[in-house]
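Nothing in this text is a laboratory measurement; each read-out follows from the coordinates by a stated rule. Only a predicted model underlies this, so the values are computations on that prediction, with no experimental measurement involved. Because the Cβ atoms are built from the backbone with ideal geometry, glycine has one as well, and the counts that use them run over all protein chains shown.
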Amino acid sequence: MSGGWRRLPAFLPNISLKLLPLSEAEQAAYQQTGRVRELVFKTAPSVSKLEIRAFLEGVYGLNIAKVNTLNVEGKKKRGKYGFFRRPDYKKAFVVLKEQQPGSGVQPQ
């Protein structure tokens, strides 16, 4: 392809990450320090730790120290027409790296 329009590669993974709210202890720590150390996401059971890390670093530019995951089985419920199950999901606990003083952009 010479002289023509060139398509740039796009990183569009088929990953659904839902950010879960902070716990009361994490909220208290955020009030004191102004920084969140760990984020919790809800995602599909088939997503791996490496995919979660690559997605968050590539799309959002986060500095991630480690990713821990927990598979959660859907609850069994009783409804009007018998029993049913909520879908299974995976919880991803993402620990962010500590920022070094002076390495980030300082507010003015």
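What order do you get for 15, 52 when you list them from fewest to most C-beta neighbours inside 10 Å? Can you show the working numbers first?
On the way: 15 16, 52 21.
Lowest to highest Cβ neighbour count: 15, 52.
Straight-line reach from residue 77: taking Cα to Cα under 15 Å and skipping same-chain neighbours fewer than 8 places apart, the aspartates and glutamates in range are 88. So what is the relative contact order for region 9-62, in percent, with contacts set as C-alpha pairs under 8 Å and at least six apart? It rounds to 39 percent for region 9-62. Consider a paramagnetic label point 7 Å from the Cα of residue 85 along Cα→Cβ; state which residues of region 34-51 have an amide N under 19 Å from it. In region 34-51, the label zone of residue 85 (backbone N under 19 Å from the point 7 Å along Cα→Cβ) covers 43-47.
Of the residues 77, 49, the one with the fewest other Cβ atoms within 10 Å heads the list, and the complete ranking is 77, 49. Inter-label distance, residue 14 to residue 37: 3.8 nm, where each label sits 7 Å from its Cα along the C-beta direction.
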